[in-house]
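J.: Would you mind keeping the following structure in view while I ask a few things?
Values in this text are rule-based calculations from the coordinates and carry no lab data. Computed from a predicted model, the values in this text were never measured in an experiment. Glycine also receives a Cβ, built like all others from the backbone with ideal geometry; neighbour counts cover every protein chain displayed.
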Amino acid sequence: MDVTFTLALPREAPTVPLIRRLIGDALRGLGAADDCVDDILVAASEACTNVIRHTRASGDYRVAARVDESVCELEITDRGRGPRPAPADRGVLSETGRGIKIMRALVDDLAIDHVPERGTVVHMRKRLTWRDGALVHRPDARLITSAG
């Protein structure tokens, strides 16, 4: 089973909880384990928040999600020019600069690319774990035969 969706959103703070709700409901509805869903939602929130706070380009941003039986892949795309280098004098107690580290810690694969015609694309991939009885692990009714 593959679930795929793409959303175009205004660069506004209320879109972050919206994304969390949509992705979380989709993953939970399919039967993904809660700890796995939580990791994905925190990483997605960090990426979307970075777009809202740091993108200098105008326009919407896009969130594309693909879920199959083994992974959740997210792409967060804006029209920006990629992450700026972090200032060298940032102290341990700095309130900024942790988002990419958090995302790396929570997902299996993270890549940030700048594509000139497209903008900045954050690619995230997380292997999924499932609750017992998850929708994606139920046998297809066509494969079940009657013994009687």
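J.: In region 52-64, which residue that is under 14 Å from the mean Cα position of the chain (by Cα) and free of Cβ contacts under 8 Å to residues at least 60 places away in the same chain is nearest to residue 5 (Cα to Cα)? Explain how you work it out, then say what you get.
T.: Taking region 52-64 as the starting set, the residues that turn out to be under 14 Å from the mean Cα position of the chain (by Cα) are 61-64.
Right, trim to free of Cβ contacts under 8 Å to residues at least 60 places away in the same chain and you get 61-63.
Working: 61: 14, 62: 10, 63: 8 Å.
Taking the candidates together, the pick is 63.
J.: A further question follows. Considering region 65-81 alone, what residues qualify as being touching a residue at least 40 places away in the same chain (Cβ under 8 Å) and farther than 14 Å from residue 111 by Cα? Steps first, answer last, please.
T.: Step one: list which residues in region 65-81 are touching a residue at least 40 places away in the same chain (Cβ under 8 Å), which gives 65-80.
The answer is 65, 66, 67, 68, 69, 70, 71, 72, 78, 79, 80.
J.: A further question on this structure: Take residue 16 and tell me if it is crowded, with 18+ Cβ neighbours inside 10 Å and either assigned to a helix (DSSP H, G or I) or not β-branched (Val, Ile, Thr) (or both).
T.: Values: crowded, with 18+ Cβ neighbours inside 10 Å: yes; either assigned to a helix (DSSP H, G or I) or not β-branched (Val, Ile, Thr) (or both): yes.
Yes: the conditions hold for residue 16.
J.: Scan region 110-134 for residues that are assigned to a loop (DSSP other than H, G, I, E, B), closer than 26 Å to residue 32 by Cβ and without any contact (Cβ under 8 Å) to a residue 40 or more places away in the chain and jot them down. Write out each step before concluding.
T.: Just the residues of region 110-134 that are assigned to a loop (DSSP other than H, G, I, E, B), to begin with: 116-118, 128-129, 131-134.
Keeping just the survivors that are closer than 26 Å to residue 32 by Cβ gives 128-129, 131-134.
Result: 132, single match.
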